[in-house]
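Worksheet for the structure shown next.
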Amino acid sequence: MTPDELSQLSVEERERQQGFEHCLNVCTAASCLSSGAEEVKKGLTTAVKEKGLREKCRIRGAGCMGLCSSGPLVALDPEDVLYQHVGVDDVPEIVESLDTQPVPRLLCDTTIPFFQRQKKIVLENSGRIDPERIEDYIAVGGYRSLARVLTEMDPDEVVQEIVNSGLRGRGGAGYPTGLKWGTVAKATGAEKYVICNADEGDPGAFMDRAVLESDPHRVLEGMTIAAYAVGATQGYIYVRAEYPLAIKRLRQAIKQAQRLGLQGDRIYETPFRFTVDIRLGAGAFVCGEETALIASIEGGRGLPRPRPPYPANHGLWGCPTLINNVETFANVAAILREGAGWFSSIGTEKSKGTKVFSLAGPLSRYGLIEVPMGISLREIVFDIAGGLPDGKSFKAVQTGGPSGGCIPARHLDTSVDYESLRELGAIMGSGGMIVMDESSNMVDVARFFMEFCMTESCGKCVPCRVGTYQMHTLLDRIYNRQGTKRDLELLSELCEVVRETSLCGLGQTAPNPVNSTLRYFRDEYEERLVSDGVRGPSGDPLAQVEMTP
Amino acid sequence: MTNATRPRLATIWLDGCSGCHMSLLDMDERLIDIASVADIVFSPTVDTKEFPENVDVTLMEGAIGSDEDVEKARKIRSRTKILVSMGDCALTANVVSMRNLFTVEDVLARAYDEPGSGNVPEPRPGESRAPKRYVPKLQTKARPVHEVVEVDYFLPGCPPPADAIHYTITELLAGRAPDPSHLTRFGR
Amino acid sequence: MTHKSIPTPDSFTLRIDGTDVVAQVGQSILEVAQDHNIGIPTLCYLEGLTPWGGCRLCLVEIKGSGRLLPACSTLATEDMDVTTTSPRIERYRRTIVELLFSERNHICAVCVSNGNCELQTLAQEMGVTHVHVPYRYPTLLVDSSHDGFRLDHNRCVMCTRCVRVCEEIEGAATKGVGGRGIDSMIINDLNEPWGESDTCTSCGKCVSVCPTGALTEKGTTFADMAKRRERRELLPYLTQTREGRR
C-alpha cells in the first residue's frame with residue numbers, strides 16, 4: 001500500500017459509514033462486557049435485522065467510553081446520544097426510537113464535567129471506532145502519521161519531534177521519551193528492538209488494557225514510528241496473559257496491518273521493514289520492570305538485572321532496545337500529526353500532554369479518564385468523578401499503585417504532574433487512581449500494598465525478598481494491635497534499607513505506600529501500638545550505673 | 001563482704017542447656033577476681049530464690065520458650081539496669097528454635113506420648129500424658145530474648161568462650177560498652 | 001584474574017576511597033578493588049561465575065549516581081569516584097545480613113559449616129551480634145536423596161552460586177530456582193528430588209561453591225568443610241579455559 005492508497009481507503013471507508021443514517025456504538029471493552037454489553041450488542045443486531053434496518057443503522061462494537069460506572073454504554077451517532085446501564089430488555093425501545101426521540105430513561109447526560117473536563121489524545125478514538133477493523137482506524141486518520149514519517153522525515157527529525165513535544169514515559173517514572181529514543185538511535189548494535197510494555201499490573205489500573213482493547217492500531221502505529229526513528233526492525237508487545245481481549249484484538253490488528261502492508265517488509269513501499277510479535281506475560285508483576293520483561297522475552301525467568309547497563313544500550317539479547325509503555329506509544333501518532341508545538345502547549349512546564357487514569361473507589365462516577373497534565377486532584381475527584389456519594393467524606397487518593405502513595409485531603413489542590421506528585425511522596429505511576437473514604441484504615445491500605453509487593457517480589461535480591469516479608473509482618477502486627485513503638489521504628493528503618501538497596505524498581509518503591517501513610521496518617525499507626533517490651537529502669541543504662549568498685 | 005556501693009551481678013538460665021553457665025564457670029580463678037569487686041546476687045550457682053531489686057548487670061542465658069520465661073524476663077528486665085543476652089539461645093533462640101518448625105502439640109506428643117519417649121506405662125490411645133499443671137506452658141515459638149524485652153548488650157557463642165564472658169563483665173564493670181566480636185561469634 | 005597496577009593501553013585510573021587506582025577496561029569496580037586490596041563484602045559474587053547482583057552487600061557509592069550500585073556488576077570507568085564504605089552503607093549491609101539470618105533457620109551451633117561459613121564470617125566482620133528483625137522460622141525440608149550430597153534449604157541464602165556453577169562451568173544446568181519472592185527455593189531439574197535427577201553429573205561443584213551449609217557432602221565433618229574453599233580456587237581457571245582465554 002502507498003500513502004495515496006491509504007487516503008483512498010480512508011475516503012471510501014468514511015463514505016461507507018456515512019451511508020448509514022445511524023450508528024449504535026456498543027462499548028465492548030472489558031468493563032462493559034462484564035456487565036452484559038455483548039448480549040446488548042447481539043440483541044441490537046438481531047432487532048435491527050428483524051426490523052429491516054440493516055442498511056440504515058450500523059451496530060458497531062466500539063472501545064471504552066470511559067464511564068464504566070454506568071455501563072453497559074451505548075452511543076448513538078450522529079445524534080450524539082449516550083445511553084447508560086443498557087440491558088437486553090431495553091433493546092426494542094432503543095431500536096423503535098431510532099427515528100424519533102431518544103429513550104429518556106436511558107439517557108446519560110453528556111454535559112457533565114465527567115465528559116466536559118476531559119482532554120482526549122490517547123483515547124481520541126476510544127469508543128468511536130471498531131477496534132476490530134483497521135478500516136475504522138484508517139477512516140479517522142490512522143496510519144497517516146506513519147506515512148508522513150516514512151516518506152517525508154529522517155529518523156533524526158522524528159526523534160527531535162518527540163524531544164520537542166516534551167513527552168515523558170507514561171509507565172510511571174516519567175523519563176523523557178525523546179531522550180530515550182535518541183539514545184537508542186545513537187547506540188550501535190547488529191539489531192535493535194522496540195518493545196511495548198503492556199504488562200500492566202498495578203492493582204486497580206486498567207488504562208493500557210482499555211487502550212489496547214479500544215484502539216490497538218494506535219499502539220502499533222506508535223511502535224512502527226519509533227522503530228523507524230531508532231532503526232529497529234523487530235518489535236515485541238509484552239502483554240499480560242490476563243488480558244485475553246486485548247491480546248485477541250492486538251493479534252487481529254497485527255494481521256490486518258500485515259495484510260495492508262503496514263507491517264512487514266517494505267512498509268508503504270519504502271525500504272523500511274518492521275514486524276511486531278506478541279509475547280505473553282505469565283502473571284508476574286515484576287515483569288513490568290523493563291529488565292525483567294526483557295529476561296522474560298528471552299525465555300528466562302523474569303528477573304531484573306542491575307542497571308547500568310540500560311536497555312537502550314544493552315537490552316534484548318544484548319542489543320540496543322527501546323522500551324516504552326502502551327500509553328507512551330499511543331501518544332506518538334497524534335504528536336506527529338498535530339506537531340510537537342501543539343502537544344507541548346497542553347499540560348504544565350515539565351509535564352506535557354495528557355494522562356489517562358483509571359478511577360476507582362467510592363465515587364459517584366468512575367472509570368477511565370484522560371485529563372490534561374496540571375489539572376488538580378480536586379477537579380478529578382470532585383468535578384469529573386462527581387465526589388463521593390451518600391454523604392461519605394473523602395480521606396485520601398492513592399496514585400501509583402504499590403509504588404505510589406496516599407495523598408490526603410489537604411493536598412487535593414496539587415497539580416497532577418510528575419514533580420508535584422513526587423514531592424508529596426506519591427508518584428504519577430502508570431495511572432491507577434484509587435479514592436478512599438473514611439472507612440479505609442491507612443495501616444490496612446499500607447499492609448495491602450506491602451502484601452502485594454511481598455508476593456510479587458521475584459526473590460532475586462535480599463532486601464526486597466526478605467525486607468518486604470518483614471515489613472508485611474510488622475504492618476500486620478501493628479494493624480492487629482500487637483505492634484510496639486519499636487516495631488514502628490523497625491518498620492521505618494526497613495523502609496529505608498529496602499528503598500536504598502533493592503535491585504529494581506519493585507523493591508525500591510515498595511516502601512512508598514508505608515512512607516506516605518506514615519507521613520500523612522501517622523496517628524493511625526500510633527493509636528494501634530501497644531505498650532513496649534519492658535525496658536530497664538533507665539533509658540540509657542550505662543551512663544547511670546556507678547560501676548567503679 | 002556485701003557493700004551497698006558494690007555492683008550487683010546476676011545470671012539466669014532460661015530455655016537453654018546451661019552450657020553458657022558452664023563456660024561462665026570456666027573463667028576459673030577469674031571468678032574470684034570478679035567476686036572481689038562485685039556481688040553475685042542471683043544465679044543458678046547461688047542460693048537466692050527471688051530475683052532481687054536493683055541489679056546492675058544480668059547475664060541471661062537461654063531463649064524465651066515458655067510463658068514462665070516471659071514473666072521471668074520481664075521481671076528481671078524491670079529490676080536490672082544492664083541486661084546482657086548471653087549465648088546463641090538468648091540471641092537467636094538457636095537449637096531451642098528447632099522446635100519452632102513443629103506445633104507445640106506435636107512437640108509435647110513426641111516428648112511424652114510417642115513410643116520410645118520413655119514413658120511407662122504407655123499412654124492410653126487418644127490421651128496425652130503431657131503435663132497440664134506445674135510445668136510451664138510452652139509458647140508457640142521459642143524466641144530470642146530481645147524479641148520480648150529490651151536487651152542492652154549481646155554476647156554470641158554456643159557457648160560464648162569464658163574469655164568473652166570475662167571480657168564482657170569486666171568491660172561493663174569498668175563502665176565501658178563491650179564489643180566482644182573479636183572473641184566470639186554465632187556458633188562459636 | 002590478577003590485573004597488575006601497571007598502566008597499559010587498556011588501563012585508566014579512577015578513585016576508590018580517595019585513592020587513585022589503575023583499572024583495565026572491562027573490569028568491574030569489585031575486581032579493581034580486589035586488585036588493590038580494598039575489601040568490599042560479597043556473598044553471591046564468586047570469581048569465575050557471572051555476577052548476579054542479588055545479595056546487595058557490595059553496594060558502593062559512586063559520585064554523581066543517585067543510587068548505590070553493586071560493585072560486582074558495575075563496570076569501572078575512567079574518573080569514577082567510588083566510596084566503598086560509610087556509616088550508612090555499613091548499616092545497610094548489617095541489616096541485609098540480619099535479614100538473611102531471619103529468613104531461614106541458620107543454627108550455627110549445629111551446622112556442619114560452622115566455622116567455614118561466609119554468612120557467619122560476614123556477621124562477625126560486620127559486628128552483627130544479634131538479629132533485630134523478627135525471625136521467620138519457616139518449615140523447610142532437607143533433600144538427602146542424592147547418594148553423595150545433601151541440600152539443606154534451612155541454610156540456603158539464595159545466592160545462586162550453585163545454579164550458576166552448574167550451568168556455566170559444569171554445563172549440566174541441574175540446579176535452578178523455583179517459586180518466587182520469599183518462597184524461592186533452589187531446585188533440581190523440574191523440582192525433583194536431587195537423587196532422581198537425570199542431569200546431575202554428581203561433580204560436586206555446587207557443593208564446593210556454596211557459601212553456607214546448604215550444600216554439603218554426606219559424611220563430612222566441619223574439619224572437612226575447610227577444604228571446600230581450596231577447591232573453589234579452580235573456578236576462575238575453569239572459566240577462562242572454557243572461554244578460550246588461556
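The values are calculated or read from the model by the stated rules, or taken from the named source; none is laboratory data. Keep in mind it's a predicted model, so treat the numbers as computed, not measured. Cβ: placed from backbone, ideal geometry, glycine included. Neighbour counts: every protein chain shown. When the accessible area is computed, the model is the full protein with side chains, heavy atoms only, and any ligands, DNA or RNA have been set aside. Shrake-Rupley method; radii C 1.70, N 1.55, O 1.52, S 1.80 Å.
Shown in residue order for region A:41-50 are the 3J(HN,Hα) couplings computed by the Karplus curve 6.51 cos²θ - 1.76 cosθ + 1.60 at θ = phi - 60°: 5, 4, x, 5, 4, 5, 5, 5, 5, 4 Hz (x for Gly and Pro).
Gyration tensor analysis over the Cα atoms of region C:11-85 returns equivalent ellipsoid semi-axes of 18, 14, 11 Å (largest first, whole Å).
Accessible area per residue for chain A is 37 Å², calculated with a 1.4 Å probe on protein heavy atoms, without ligands, DNA or RNA. Of A:159, B:95, the order by accessible heavy-atom surface (1.4 Å probe, DNA, RNA and ligands excluded), from most exposed downward, is B:95, A:159.
Solvent exposure of residue B:21, expressed as accessible area, is near 10 Å², computed with a probe of 1.4 Å over the protein chains only. Could you calculate the FRET efficiency of residue A:519 with residue A:233 from 1/(1 + (r/R0)^6), where r is the beta carbon distance between them and R0 is 30 Å, rounded to 0.05? My answer for the efficiency is 0.05. Counting heavy atoms of the protein chains alone, residue B:137 has an accessible area of about 140 Å² for a 1.4 Å probe. Coupling constants for region A:288-296 follow from the phi torsions by the Karplus curve (6.51 cos²θ - 1.76 cosθ + 1.60, θ = phi - 60°), and in residue order they are x, 6, 4, 6, 5, 4, 4, 4, 5 Hz; glycine and proline get x. Of all DSSP-defined beta bridges confined to the protein assembly as shown, some 55% are antiparallel rather than parallel. Taking the C-alpha atoms only, the angle from helix A:512-526 to the longest principal axis of chain A is near 50 degrees.
For region A:458-477, a drop of 40 Å² or more in accessible area on going from the chain alone to the assembled protein chains (1.4 Å probe) is found at A:460, A:462, A:465, A:466, A:469, A:470. Proximity of backbone amide H atoms, modeled 1.01 Å from N, is registered between residue A:354 and A:373 at under 5 Å, excluding neighbours fewer than 5 places apart on the same chain. Only protein heavy atoms count here, probed at 1.4 Å, and on that basis chains B and C bury about 1900 Å² of accessible area in total.
Each label point was placed 7 Å from the Cα along the Cα-to-Cβ direction; for residue B:105 and residue A:364 their separation is 5.6 nm. Buried accessible surface for the B/A pair, both sides summed and rounded to the nearest 100, is 1500 Å² with a 1.4 Å probe.
What full-extension length gain, to one decimal in nm, is calculated for residue A:79 and residue A:455 as 0.36 nm per residue of separation minus the Cα-Cα distance? Show your work: numbers first, answer last.
On the way: separation 376, 0.36 × 376 = 135.36 nm, distance 4.94 nm.
Length difference between fully extended and current span is 130.4 nm.
In the context of the full protein assembly, residue A:337 retains an accessible surface of approximately 100 Å², using a probe radius of 1.4 Å and ignoring ligands and nucleic acids. For the Cα atoms of chain A, what angle does the longest principal axis make with the long axis of helix A:485-501, in degrees from 0 to 90, nearest 10? Helix A:485-501 and the main axis of chain A meet at about 50 degrees. Near the amide H of residue C:27, within less than 5 Å, lie the amide hydrogens of C:76, all on another chain or at least 5 residues away, with H placed in the peptide plane.
Spin-label model, residue C:140 to residue B:71: label points 7 Å out along the Cα-to-beta-carbon direction sit 3.7 nm apart.
Per-residue Karplus couplings for region A:351-360, computed as 6.51 cos²θ - 1.76 cosθ + 1.60 with θ equal to phi - 60°, are listed in order as 10, 9, x, 10, 9, 8, 10, 9, 9, 9 Hz, Gly and Pro entered as x. Expressed as a whole percent, the accessible surface of the protein assembly as shown that belongs to carbon and sulfur atoms is 50, based on a 1.4 Å probe. Residues with amide H under 5 Å of residue A:234's amide H, sequence separation 5 or more or different chain, H placed in the peptide plane at 1.01 Å from N; which? Correct list: A:192, A:194, A:275.
Using the Cβ-Cβ distance between residue A:105 and residue A:278 with R0 set to 41 Å, the FRET efficiency works out to roughly 0.45.
Rounded to the nearest 10 degrees, the angle from helix A:3-18 to the longest Cα principal axis of chain A is 80 degrees. Rounded, prolate or oblate: which fits chain C when a ≥ b ≥ c are the square roots of the eigenvalues of the alpha-carbon gyration tensor, with rounded for a/c under 1.5 and prolate only if a/b beats b/c? Oblate is the answer for chain C, as a/c is 1.5 or above yet b/c matches or exceeds a/b. Accessible area per residue for region C:28-77, computed on protein heavy atoms with a 1.4 Å probe, is 34 Å².
After finding the eigenvalues of the alpha carbon gyration tensor for region A:349-457, what semi-axes result from the square roots of 5 times each, listed largest first in whole Å?
20, 18, 12
Label zone of residue A:55 (point 7 Å out along Cα→Cβ, amide N under 17 Å): in region A:1-32 this covers A:16-23.
Go ahead and collect, in residue order, the members of region A:473-497 whose backbone nitrogen is under 17 Å from a label point 7 Å along the Cα-Cβ direction of residue A:531. Once the point is set 7 Å along Cα→Cβ of residue A:531, A:481-487 turn out to lie under 17 Å by backbone N, inside region A:473-497. Stretching the chain fully between residue A:482 and residue A:338 yields a gain of 46.0 nm (0.36 nm per residue, less the alpha carbon separation). For the chain pair A and C, the interface hides roughly 2900 square angstrom of accessible area in total, found with a 1.4 Å probe.
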